[in-house]
Every structure is written in C-alpha cells, then in structure tokens.
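Take a look at the structure below.
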C-alpha cells in the first residue's frame, strides 16, 4: 500500500487495485469541489429527505452540495417502520386526496427501486364490537385499492374467521368475524436512502459524509 495524503493505492491478492483507492480519490475530489465551487443549493443532512432533495434538485439542473456528519441514513432514516405506506390510515379521516397521492408515490418507489421494495400481505382482524365491521372494512379496502392504484394481483381479499385463523393462529379467537387481507410495501430504509443518494451523485450532486456543518457564513448580511 502506498499512502500520500488522502490518496492511497491498495492492491488485492490478484494484483488489481481495490475499491478503497477509487473511494479515496472521489472523497478528495468532492472536498475540492466543496471548497472551490459555487452551488445553487447546499443540503445539510444525508437522510432520505436530504437525499431526495439532492436528487430532485440535481435532476432539475441545479448545482447541489450535500454534507452529512455521520453515515448516510444514520438517524431517523434507518429507524422507520420499514413500510412504504399506501395511505390506508388516512382513509379513516376521509382524506381521499391524501390516499391517492401517497398511493401513487408508493408505486413510484416500487417502480424505481424494486430491489429494495417488497410487497407484504397484511392481516386486519375484524372482531365483534370493533371500530370497523366486516362490511365497512371491505368497502374501505376496496376504495383504498382504487385510490392507491393497487395492482390487480395485490388487491384486498376478505377472509372468513377460519381463513383468518389459518393465516394467523395466534389472533384473538373470541368474537372474531373475519379479516381483511391487503398489501403494504416493505423496504430497507437505509439502503433506499443510499440508492437515492447514489442516483443524485450520478446526476452531478457533490455528496460527502463525515463532514459537519457548524455555522453559516454571511456576506453583506446575506
């Protein structure tokens, strides 16, 4: 291994250069860019929100810089429920427009990143005296399928009590009237953040982690 400043060349056993060399070169390159270039927008924070803003801005032709003081997705973006919700919870408050919007966004995530997004069947047990009965649950899930643009093979199924117990034997049996069976999407939240960041860099964004933004520099009171 030869070390000189931020640049180093490491050879693997077959005699080829390892990825560390290219990573070090890129790190030095981005540090120089951050020092010398002028950017249209600087983003502080490398979570999914920052990565998404960087990608959107870079796609629009803006010069984008992003800094993160830890690993990308080290905070909230790696501690989510791991679900890309389709907006079913908003249907209860009759937020129809929100359900349609969230459903479309979920579809976009799945189409753009199918390797980190997986359809998962969810079971909603229906019990006597519960918030929703079998009929209202059926109607609600049907409306949800329509508004969220759910694919035909992933549309809701209504289960009998015996079918519900077959799917989940540990569900409370007393008063069980059946269940609603519908699809949500599971994702690897940290990896989704990394994939979004990589795509932003492909479009010209300069992203660097382990760089802390400590204060703002004002010129002419701006």
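Scanning the stretch 66-86 for residues that are outside any helix (DSSP H, G or I) and closer than 20 Å to residue 110 by Cβ, we see that the one that is farthest from the chain's Cα centre (by Cα) is 86.
Residue 209 satisfies every condition listed in (1) in the same structural domain as residue 124 (by TED's automatic domain parsing); (2) surrounded by 14 or more Cβ atoms within 10 Å (Cβ to Cβ); (3) in contact with a strand residue (DSSP E or B) (Cβ under 6 Å, 6 or more places away or on another chain) except (1).
Listed here are the residues, each with its yes/no results for (1) part of a strand (DSSP E or B); (2) within 31 Å of the chain's Cα centre (by Cα); (3) without any contact (Cβ under 8 Å) to a residue 24 or more places away in the chain.
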| residue | (1), (2), (3) |
| --- | --- |
| 125 | yes, yes, no |
| 166 | no, no, yes |
| 169 | no, no, yes |
| 190 | no, yes, no |
| 199 | no, yes, no |
| 208 | yes, yes, no |
| 215 | no, yes, yes |
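Checking the conditions here, which among 47, 61, 75 is in contact with a helix residue (DSSP H, G or I) (Cβ under 6 Å, 6 or more places away or on another chain) and not assigned by TED's automatic domain parsing to the domain that holds residue 112?
Of the residues listed, the single one that is in contact with a helix residue (DSSP H, G or I) (Cβ under 6 Å, 6 or more places away or on another chain) and not assigned by TED's automatic domain parsing to the domain that holds residue 112 is 47.
Can you say whether residue 141 is in a helix (DSSP H, G or I), loosely packed, with under 14 Cβ neighbours inside 10 Å and modelled with pLDDT under 90, as far as the supplied structure shows? In short, no. The lone criterion from (1) surrounded by fewer than 17 Cβ atoms within 10 Å (Cβ to Cβ); (2) under 25 Å from residue 56 (Cα atoms) left unmet by residue 169 is number (2).
Kindly establish whether residue 81 is modelled with pLDDT of 90 or more and either surrounded by fewer than 13 Cβ atoms within 10 Å (Cβ to Cβ) or under 27 Å from residue 118 (Cβ atoms) (or both). No.
Residue pairs whose Cβ atoms lie under 6 Å apart, separated by 6 or more positions or on different chains, with the first residue in the stretch 51-65 and outside any helix (DSSP H, G or I) and the second surrounded by fewer than 21 Cβ atoms within 10 Å (Cβ to Cβ), are 62/40; 62/41; 63/39; 63/40; 64/41; 65/34; 65/39; 65/42. For residue 157, state whether it is assigned by TED's automatic domain parsing to the domain that holds residue 102 and either farther than 21 Å from residue 89 by Cα or out of contact with any strand residue (DSSP E or B) (no Cβ under 8 Å at 6 or more places or on another chain) (or both). For residue 157, the condition - assigned by TED's automatic domain parsing to the domain that holds residue 102 and either farther than 21 Å from residue 89 by Cα or out of contact with any strand residue (DSSP E or B) (no Cβ under 8 Å at 6 or more places or on another chain) (or both) - is not met. Being free of Cβ contacts under 8 Å to residues at least 60 places away in the same chain and either surrounded by fewer than 19 Cβ atoms within 10 Å (Cβ to Cβ) or part of a strand (DSSP E or B) (or both) holds for only one residue in 179, 204, and it is 179.
Return yes when residue 196 is surrounded by 13 or more Cβ atoms within 10 Å (Cβ to Cβ), in contact with a helix residue (DSSP H, G or I) (Cβ under 8 Å, 6 or more places away or on another chain) and not assigned by TED's automatic domain parsing to the domain that holds residue 96 and no when it is not. The answer is yes for residue 196.
The values are calculated or read from the model by the stated rules, or taken from the named source; none is laboratory data. In this text, all values refer to a predicted model and were calculated from it rather than measured experimentally. No Cβ is skipped: glycine too gets one built from the backbone with ideal geometry, and neighbour counts run over all protein chains shown.
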